[in-house]
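Q: Questions regarding the structure given below will be posed in turn.
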Amino acid sequence: DEWQDILIDVSVEPPECTARFDSTAPGYSGIYGDLSFGDCGSSAAPVFFIIFMLVCEQIMLNLFVGMILDNFAFITDDVTDDMGDATSWEDGSKSEQVQELAEIFKKYDGATGNMSINTLTSLMVSFPQPMGFKKPDGTIQMHSRERAELRVIRAELNVILRQSQLESDLKARETFWLKRMWQRLTSQ
């Protein structure tokens, strides 16, 4: 950014610049001897900079869009399905796996899109690994690490719920005071 400042600097032409640093240049002490260059720019600099910036921006934009499309194809399983086992998550989630997680979540949310923290353990036990604790063979893996993960998830959800509750309480108080002030104003 701020390439415009560089553009202005390289566009300087005489008499605001010195064409060559030698013994005739005003203010040059000659400590380095006569030099073959000066500090003048070119009137073609704006054309060069504008073309350069447009080309660079287009290249970066194409790279950025290409990365997004590549990741989107990867996530939506646009890559070949013969990459391995359907239960493997090593190459990213496949659409069938995401659909399976959605179906399992529907069992616990009561068709509301929300669920109680109390049902979190049941949900995590129903989800297949790596999202939950169910192994591909149907057995449940609940060791100390899994229990710790569950505690961390519950703690984070509790923090989020408390923050949401505090915000809603604050809005309720504001609404209460606004209604009370409105009643006072209208009763006068």
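Bear in mind these aren't lab numbers, they're just calculated from the coordinates by the rules spelled out. Keep in mind it's a predicted model, so treat the numbers as computed, not measured. FYI the Cβ positions are ideal-geometry reconstructions off the backbone, even for glycines, and counts take in every protein chain you see.
Q: For K135, list the lysines whose Cα falls under 26 Å from its own Cα; do not include residues on the same chain fewer than 8 positions away.
A: Excluding near neighbours in sequence, the set is K94, K106, K107.
Q: What is the packing order of peptides 162-173, 123-134, taking the mean over residues of other C-beta atoms within 10 Å and listing the highest first?
A: Answer by packing, highest mean first, reads 123-134, 162-173.
Q: Also, I was wondering about something else. How long is the gain from S43 to D5 if the chain were fully straight, where each residue apart is worth 0.36 nm and the alpha carbon distance is subtracted?
A: 12.2 nm
Q: Shifting gears a bit: What does the extension gain come out to for E174 and V159, with contour length at 0.36 nm per residue minus their alpha carbon separation?
A: Separation in residues times 0.36 nm, less the Cα-Cα distance, equals 3.1 nm.
Q: May I ask you to derive the FRET efficiency for E167 and D109 from their Cβ-Cβ distance with R0 = 25 Å, giving the value to the nearest 0.05?
A: Between E167 and D109 the formula returns 0.65.
Q: Report the calculated FRET efficiency for E96 and N118 (r = Cβ-Cβ distance, R0 = 25 Å), to the nearest 0.05.
A: 0.30
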